[in-house]
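Below: the structure, in structure tokens.
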Amino acid sequence: MSPPAALPRSTPCRLRSLPRVVLAPSLAVCLFAACAGGAPEPDPGPRPDFQPTTTVEELMRAVIDPAADAVWDAVVITSTRDGIDREVPDSDEDWLALEHHAVRLLESGNLLQIEGRPIAAADSVSELPGIDLEPADIAVRVAGQYDAWLRSGRELHDAGVVVLEAARARSVDALLESGDRLDAACESCHSRFWYPPDAAEAEGSDPP
């Protein structure tokens, strides 16, 4: 019998001292997959199951409109024969109330972006025909420009953040500026989705 062939020079000699391990086929596959792909990604769990119970119309009437009006009415400047009369928030309670209204506004911007929220109840009709579209027509516009609808929700959120910062700073000037931004966010959404084309043109906006 001839002696065994010598190991090639390229083969490290230390390998000769390693014990021989035979892996079951299934275990070998698992180890290869673990080495090749790294640690498995953790299970993120179920996605949030939002339940948009109220309509956009109800959200506007119950939360957004009252909060926005409170911000716009917080500073009243009136010119009289005796001079300028200014009504402004002048107590911690006044400013804290404005903070709460700002929170409602910015979170409403998030709520408007939840998919599946109806515009209005099935039997709802416009209270201002010719000025506001019928709810069914609004829903068609929203569905056809859904990206713009989501952007409107984000704009309301961002305007609410500015109001909150002004209220926390106890700054009347900042509050006035935040009110202008809030008005711009609301009017931009209304012009695109709520107003008929003629009304949108009268407001100085291009019809959708």
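Read-outs: derived from the displayed coordinates by stated rules, not from any lab. Model, not experiment: these values are computed from the prediction. In this analysis, Cβ positions are derived from the backbone assuming ideal geometry, glycine residues included, and neighbour counts consider all displayed protein chains.
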How do Ile131, Ile84 line up, fewest other C-beta atoms within 10 Å first?
Ile84, Ile131
Footprinting exposure proxy for Leu176, Leu105, Leu98, Leu128 (fewest neighbouring C-beta atoms within 10 Å first):
Leu128, Leu176, Leu98, Leu105
How big is Rg to Rh over the range 103-193, alpha-carbon atoms, Rh as the Kirkwood inverse-mean-distance radius?
1.04
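If you count, for each residue, the other Cβ atoms within 10 Å and average over each peptide, how do 144-151, 63-70, 156-163 line up from highest to lowest? Walk me through the intermediate numbers first.
On the way: 144-151: 13.4, 63-70: 17.0, 156-163: 22.2.
Put in order of decreasing packing, that is 156-163, 63-70, 144-151.
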Here, Asp92 and Glu57, labelled 7 Å along Cα→Cβ, have an inter-label distance in nm of 4.3
FRET efficiency for Glu177 and Asp49, using Cβ-Cβ distance with R0 set to 35 Å, rounded to 0.05
0.35
Gained length - Ala136 relative to Ile77, 0.36 nm times residue gap less alpha-carbon distance:
17.3 nm
Along the positive direction of the dipole of the range 56-202 (beta-carbon charges: Lys, Arg +1; Asp, Glu -1; about the Cα centre), which of Ile77, Leu164, Val140 reaches farthest?
Val140
Which order do Thr54, Thr80 fall in if you start with the one that has the fewest other Cβ atoms within 10 Å?
Thr80, Thr54
Charge dipole of the range 56-202 about the Cα centre (unit charges at C-beta), most positive-ward option of Leu96, Leu182, Pro129:
Leu182
Calculate, for Glu115 and Arg168, the FRET efficiency according to 1/(1 + (r/R0)^6) with r their C-beta to C-beta distance and R0 30 Å; round to the nearest 0.05.
0.40
